[in-house]
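Reviewing the structure listed below.
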Number of protein chains: 2
Amino acid sequence: MAALGAQAKVFTEEHRLTYYECDRTGRATLSTLINIAILGSQDQSDDLGLTTDFVQQHGVGWVVTQYSINVTRMPHLDEVVTIAVRGSAYNPYFAFREFWIRDGAGNELAYITSIWVTMSQTTRRIVKIDPVLVAPYASEATKRIPRLPRPISFETTPTTISKPYQVRFFDIDPNRHVNNAHYFDWLLDTLPAEFLLTHDLKHVDVRYENEVKYGHTVIAEVNILPTDESQLVTTSHRIRLGDEKCCEVTIQWETI
Amino acid sequence: MAALGAQAKVFTEEHRLTYYECDRTGRATLSTLINIAILGSQDQSDDLGLTTDFVQQHGVGWVVTQYSINVTRMPHLDEVVTIAVRGSAYNPYFAFREFWIRDGAGNELAYITSIWVTMSQTTRRIVKIDPVLVAPYASEATKRIPRLPRPISFETTPTTISKPYQVRFFDIDPNRHVNNAHYFDWLLDTLPAEFLLTHDLKHVDVRYENEVKYGHTVIAEVNILPTDESQLVTTSHRIRLGDEKCCEVTIQWETI
């Protein structure tokens, strides 16, 4: 049996990392990594006639519920990377999409898996995936979609760091939703600069639970978990709106 | 006599506007417009050997003090624009740089003039421009640099709208300074969404006075000025850090 999604169409494009997509160390930010991955998937969708308009005509919109992001090396300033994406597989309710970011020599810099659902525009509830919305990707119809790792359940402690973030007008993208890559800027900004400057991000597990909206003030929280290994650190994050959990995230880091 | 800077080298490059560089109406944001203009000037500088390292080896950094931005039409989502830039002229203390953003047919979408100074890395004071830092641009040495319009002096009124913004880790770019295009996201976000959705930005005058730094919480303030003309609206903006003025901005808008 072939690997899941082996027959799905792969779309690729190049992208050069600009200075405004990188942090002060010259590494691409996590939000940039997700932004360019999604750019690739939107371009594939447009290319196959699965435009946002077409999807909306079917009364739904695609919503991501989970990411699992593996980073071998963050792309750096001025590097030209290749984004590859495929809509690998789907079952009645969940679609599984994979992304690869590679350097000029074809080495993998990042590999991202993700789970998507279609949400009704009228009821805002998850609805069955209409096969016409995935067939052009040559997505594999399957019973079982891979389960992505669940982030650590966040627990407030006396050392939890938290910061408020008000959702801004420019956090909303042309799809009329808060660009959820911006969550990563909030999540990581809660960490001390000293931490961000001395650690490389290696792995991220994200689970989105509730949408945030323009004007909301959310609270981003982080725990830097104790570790036995001197080279590896895990951070546990949550974004909440009042008592409502918006997303939970676990990140693994390597000390530089 | 030729127009000022007519002999200066012009550098051009193309840029496609991605979804994460556009607002919910599909127009490029003002911060994107400045980001891509500066991208063009950095690429020209690198191309001519005037890299950030080279400039720093001379003990200084370039700092923008004013922009005057004329917008015929904001670029839109997925549009490929051409950025053109030249270091037009300089006198002992000020450099004058121009930018053009054009559509695929060569029509002008935006024209930006700007004034730059070199600041000592040790004293943080403005120093005389070292001619080796501008000669490769074929910049015209002149006595008189054009004066850019001064923004309206901001005055707090009972209807002033203000919002606090905390400077984030990811607001700092690889040049180790707060990317001052981010000021525009703060400045415009203070306006009601209803205003932003019903007005096209036509002209912006910006004057930077004091640098903001990571961790600072600045206050962005705006007055929507009364007008006799139904189609034109002027807004007056300020960013301050406590009592210290960081920048002042005037924007002219057309109702859609």
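A search for C-beta distances below 6 Å between a residue of the stretch B:137-163 that is over 15 Å from B:Asn91 (Cα atoms) and any residue that is part of a loop (DSSP other than H, G, I, E, B), counting only pairs 6+ apart in sequence or on different chains, returns B:Ile161/B:Thr190; B:Lys163/B:Thr190. Being free of Cβ contacts under 8 Å to residues at least 40 places away in the same chain, farther than 22 Å from A:Leu133 by Cβ and not β-branched (Val, Ile, Thr) is the requirement here; does A:Gly26 meet it? The answer is no for A:Gly26.
Among the residues of the stretch A:121-164, which ones are among the polar types (S, T, N, Q) and under 28 Å from A:Trp186 (Cα atoms)? Hits for the stretch A:121-164 are A:Gln121, A:Ser153, A:Thr156, A:Thr157, A:Thr159, A:Thr160, A:Ser162. Looking across the stretch A:146-164, just one residue is of a type in the set (S, T, N, Q) and in contact with a Ser or Thr (Cβ under 8 Å, 6 or more places away or on another chain), and that is A:Ser162. From the list B:Gln42, B:Gln56, pick out the single residue that is within 14 Å of another protein chain (Cβ to nearest Cβ) and of a type outside the set (D, E, K, R). Just one listed residue meets the conditions, B:Gln42. Residue under question is A:Pro164, and the condition is that it be within 14 Å of chain B (Cβ to nearest Cβ), touching a helix residue (DSSP H, G or I) at 6+ places or on another chain (Cβ under 6 Å) and not aromatic (Phe, Trp, Tyr); does it hold? Spelling it out, it is not the case that A:Pro164 is within 14 Å of chain B (Cβ to nearest Cβ), touching a helix residue (DSSP H, G or I) at 6+ places or on another chain (Cβ under 6 Å) and not aromatic (Phe, Trp, Tyr). Residues in the stretch A:211-229 that are away from chain B (no Cβ under 14 Å) and either open to solvent by 60 Å² or more (accessible area, probe 1.4 Å) or closer than 18 Å to B:Arg168 by Cβ (or both): A:Glu211, A:Val212, A:Glu221, A:Ile224, A:Pro226, A:Thr227, A:Asp228, A:Glu229. Of the conditions (1) open to solvent by less than 70 Å² (accessible area, probe 1.4 Å); (2) under 28 Å from A:Tyr214 (Cβ atoms); (3) assigned by TED's automatic domain parsing to the domain that holds A:Gly49, A:Tyr165 satisfies every one except a single condition; which number is it? All conditions pass for A:Tyr165, except number (3).
A single member of A:Val60, A:Val71, A:Val80 is touching a Leu at 6+ places or on another chain (Cβ under 9 Å), closer than 22 Å to A:Gly5 by Cβ and open to solvent by 10 Å² or more (accessible area, probe 1.4 Å), and it is A:Val60. Determine if the stretch A:34-46 includes at least one residue that is open to solvent by less than 10 Å² (accessible area, probe 1.4 Å), more than 22 Å from B:Ile36 (Cβ to Cβ) and at pLDDT below 95. No, the stretch A:34-46 contains no residue that is open to solvent by less than 10 Å² (accessible area, probe 1.4 Å), more than 22 Å from B:Ile36 (Cβ to Cβ) and at pLDDT below 95. Hey, among the residues in the stretch A:123-138 that are surrounded by 15 or more Cβ atoms within 10 Å (Cβ to Cβ) and of a type in the set (Val, Ile, Thr), which one's nearest to the other protein chains (Cβ to nearest Cβ)? Among residues in the stretch A:123-138 that are surrounded by 15 or more Cβ atoms within 10 Å (Cβ to Cβ) and of a type in the set (Val, Ile, Thr), the one nearest to the other protein chains (Cβ to nearest Cβ) is A:Val134. Taken as a whole, the stretch A:11-18 holds at least one residue that is open to solvent by less than 20 Å² (accessible area, probe 1.4 Å), within 14 Å of chain B (Cβ to nearest Cβ) and under 27 Å from B:Ser31 (Cα atoms).
Restricting attention to the stretch B:145-158, does a residue exist that is within 19 Å of the chain's Cα centre (by Cα), among the aromatic types (Phe, Trp, Tyr) and within 14 Å of chain A (Cβ to nearest Cβ)? Break it down into steps so the answer makes sense when it comes.
Step one: list which residues in the stretch B:145-158 are within 19 Å of the chain's Cα centre (by Cα), which gives B:145-154.
Then keep just the ones that are among the aromatic types (Phe, Trp, Tyr); that gives B:154.
Next, from what is left, pick out any that are within 14 Å of chain A (Cβ to nearest Cβ): none.
No, there is no match, as no residue in the stretch B:145-158 is within 19 Å of the chain's Cα centre (by Cα), among the aromatic types (Phe, Trp, Tyr) and within 14 Å of chain A (Cβ to nearest Cβ).
Looking across the stretch B:83-121, the residues that are within 18 Å of B:Leu33 (Cβ to Cβ), open to solvent by 10 Å² or more (accessible area, probe 1.4 Å) and in contact with a Gly (Cβ under 8 Å, 6 or more places away or on another chain) come down to B:Arg86, B:Arg97, B:Glu98. Scanning the stretch A:175-190 for residues that are open to solvent by less than 30 Å² (accessible area, probe 1.4 Å), within 8 Å of chain B (Cβ to nearest Cβ) and not acidic (Asp, Glu) returns A:Asn179, A:Ala181, A:Leu188. Summed over the stretch B:122-171, the residues that are closer than 30 Å to A:Glu194 by Cβ and either among the basic types (Lys, Arg) or touching a Lys or Arg at 6+ places or on another chain (Cβ under 7 Å) (or both) give a count of 5.
The C-beta contact set for the stretch A:192-216 (first residue aromatic (Phe, Trp, Tyr), second residue assigned to a loop (DSSP other than H, G, I, E, B), distance under 8 angstrom, 6+ apart or interchain) comprises A:Tyr208/A:Asn180; A:Tyr214/A:Val167; A:Tyr214/A:Arg168. Screening B:Ala141 against (1) in contact with a Pro (Cβ under 8 Å, 6 or more places away or on another chain); (2) open to solvent by 80 Å² or more (accessible area, probe 1.4 Å) leaves a single unmet condition, (2). Screening A:Val204 with (1) surrounded by 19 or more Cβ atoms within 10 Å (Cβ to Cβ); (2) more than 17 Å from the chain's Cα centre (by Cα); (3) of a type outside the set (S, T, N, Q); (4) closer than 21 Å to A:Leu33 by Cα gives one miss only, at (2). Can you confirm whether the stretch B:215-230 contains a residue that is of a type outside the set (Gly, Ala, Ser), within 17 Å of the chain's Cα centre (by Cα) and outside the structural domain of B:Leu30 (by TED's automatic domain parsing)? Scanning the stretch B:215-230 turns up no residue that is of a type outside the set (Gly, Ala, Ser), within 17 Å of the chain's Cα centre (by Cα) and outside the structural domain of B:Leu30 (by TED's automatic domain parsing). Strands (runs of 3 or more DSSP E) fully within the stretch A:1-105 that include at least 2 residues being within 16 Å of the chain's Cα centre (by Cα): A:60-71, A:80-90, A:95-102. Cβ-Cβ distances below 9 Å connect the following pairs, each with a first residue in the stretch A:44-68 that is assigned by TED's automatic domain parsing to the domain that holds A:Thr118 and farther than 15 Å from A:Tyr208 by Cα, a second residue that is among the acidic types (Asp, Glu) and modelled with pLDDT of 95 or more, and a separation of six or more residues or different chains: A:Gln44/A:Glu13; A:Asp46/B:Asp78; A:Thr52/A:Asp46; A:His58/A:Asp130; A:Gly59/A:Asp130; A:Val60/A:Asp130.
The values are calculated or read from the model by the stated rules, or taken from the named source; none is laboratory data. Keep in mind it's a predicted model, so treat the numbers as computed, not measured. Positions of Cβ are backbone-derived with ideal geometry, glycine not excepted, and every protein chain shown enters the neighbour counts. Note: areas computed on protein heavy atoms with side chains; ligands, DNA, RNA excluded. Shrake-Rupley method; radii C 1.70, N 1.55, O 1.52, S 1.80 Å.
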